[in-house]
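Every number here is computed from the coordinates shown, using simple stated rules; none is lab data. These figures come from a predicted structure and were not determined experimentally. Note that each Cβ is placed from the backbone with ideal geometry, even for glycine, and that neighbours are counted across all protein chains shown.
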Amino acid sequence: MNAFTEKNGELHAEQVPLREIARRHGTPCFVYARAALEGAWRELDRAFGDTPHLVCYAVKANSNLGVLDILARCGAGFDIVSGGELARVLAVDAAAAARTIFSGVGKSAGEMRAALEAGVLSINVESAQELERLQQVAADMNMTAPVALRINPDVDVRTHPYIATGLNRNKFGIAAAEAHEVYRRAAARPNLRVTGVACHIGSQLLELAPFTASVERVLQLARQLQDDGAVLEHLDLGGGLGVRYRDETPPAPAEYVAALLGALRKQRMRMKVLIEPGRVVAAAAGVLLTRVEYLKRNGAKHFAVVDAAMNDLLRPALYGAWQEIRPVKTAGEAPEYTCDVVGPVCESADFLGAGRTLRAAPGELLAVMSCGAYAAVMSSNYNTRPRAAEVVVDGARHFLTRRRETVDSLFAGETVLPH
Ligand code: LLP
């Protein structure tokens, strides 16, 4: 489903002209489409058919409360990596705790306490020391913590090295060779109950083979643990399915789920299956709206200076990521030019796109596509730039789900030394 389409010479989000949103809320501004979010989550959910499963949306991809609420209303589970993300999930739906898994290599005791108090489905433990800390926290609370061991399956994936997580040299997970020993320890701790095995091998993955390879590793280990007496209830196969930003050809969500289920069936493993998708649910559901401030030339090089910058969208600067940039006025008369689309931040890495051919005059709007995931969540206040507004479109209506920050609010917590 394409949420952003051209009608009457201009780009719309569902039925709302993007121009109208920019007029109401200013730029830069993130715009998310409800139907696309729901559609993407439901497509994965449906693909499981009657296999017991839970599609746990990875909150890190886009944690706007408006977005989380939409998915919570679909019955989504959630994958969180911090106490902050837990608080967001609870803020939209307290009952969603029971559908929430807590991942991440560095959980603090306070975060563990909050997760146990809320009653999360599973805490994915990533090291022996973390296990001991969780035992301590659970014992202090007189509770039993539901635990999944996140293993590192040591599977190589073709993606940007910063977002590959399933190799032994990455900080994530417990090495498969040690998982057995860690499980024994967990089984001997009175306040821990090992209920699952988890993995996650990376993000923006465009091939099925690494996913099925990691399922096989996880299954191998699950069998060993069962032989050891573990009563496992679920397998968590992580997230990572890629999307098309430019000309990538990722597997369709249904193909991906079918491949996971196929690998499980081969081993006759019958357990509830969890996945933790972020990007594939949210990326295509959002755009970043920005306005062209100036066109300029330095020597042979042309630039469109826009009002969004690397503090709003870090992916191009951090990963060299390519995201499509489209004029909002699709039938513009401005002359076509080829330029780098850059922001006002004082870094040469501050670009949203390089060598783009555009037709947009100063004052006109551009939409950076596929900004529903890993865009607003990675924004910062660098150069004391207030973070952008976020808007959710639902059919012909639109709602401001995060107001633009003000400069005052940026230094509200700061003080000067006494005079
Ligand atoms: N589960 C775990 C444990 C993860 O670490 C991640 C992503 C996910 C699930 C969701 O993965 P997804 O389905 O979204 O690929 N900032 C980067 C992406 C970082 C992903 C980190 N982990 C980017 O902008 O490309």
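Take the Cβ-Cβ distance between Thr406 and Arg265 as r, set R0 to 45 Å, and report the resulting FRET efficiency rounded to the nearest 0.05. Let's see the in-between values first.
Working: r = 55 Å, r/R0 = 1.21.
Working from the Cβ atoms, E equals 0.25.
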With point charges of +1 on the Cβ of Lys and Arg and -1 on the Cβ of Asp and Glu, referenced to the Cα centre of the chain, which listed residue (Ile174, Pro418, Thr100) lies farthest in the positive direction of the dipole? Thr100
If you restrict to DSSP beta bridges whose two residues both lie in the range 104-275, what percentage is antiparallel, to the nearest 5? 5
Charge dipole (the chain, unit charges on Cβ, about Cα centre) - positive-most of Ser127, Ser63, Leu318: Ser63
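Report the charge-dipole magnitude of the range 16-154 in Debye, nearest 20, computed about the Cα centre from +1 at each Lys and Arg Cβ and -1 at each Asp and Glu Cβ.
Working: 14 positive and 16 negative charges, 126 e Å.
Value, rounded to 20: 600 debye.
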Let me know the charge dipole size of the range 139-268 about its Cα centre in debye, to the nearest 20, where only the beta-carbon of Lys, Arg (+1) and Asp, Glu (-1) is charged. 100
Around Leu232, what is the net charge, scoring Lys/Arg as +1 and Asp/Glu as -1 over all other residues with Cβ under 11 Å from its Cβ? +1
Farthest toward the dipole's positive end in the chain, which of Pro335, Ala309, Ala367, given Cβ charges of +1 (Lys, Arg) and -1 (Asp, Glu) about the Cα centre? Pro335
Which of Glu336, Glu14, Glu43 moves most in a GNM of the chain, Cα contacts under 10 Å? Glu336
Antiparallel DSSP bridges in the chain: what percent, to the nearest 5? 50
About the Cα centre of the chain, what is the dipole size in debye to 20, counting +1 per Lys and Arg Cβ and -1 per Asp and Glu Cβ, all else neutral? 240
Rounded if a/c under 1.5, otherwise prolate or oblate - the range 233-380, Cα gyration tensor axes: prolate
Within the under-10-Å Cβ sphere about Asn381, not counting Asn381, Lys/Arg +1 and Asp/Glu -1 give a net charge of +1
What is the range 104-275's relative contact order, in percent, from Cα pairs under 8 angstrom and six or more apart in sequence? 20
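Run the numbers on the chain and let me know its relative contact order in percent, using alpha-carbon pairs under 8 Å that are six or more apart.
Reported relative contact order: 20 percent.
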What shape does the range 1-109 take by its C-alpha gyration tensor, where a ≥ b ≥ c are the square roots of the eigenvalues and a/c under 1.5 counts as rounded, a/b above b/c as prolate, and the rest as oblate? oblate
Sorted on mean Cβ neighbours within 10 Å (highest first), peptides 105-116, 360-371 come out as 360-371, 105-116
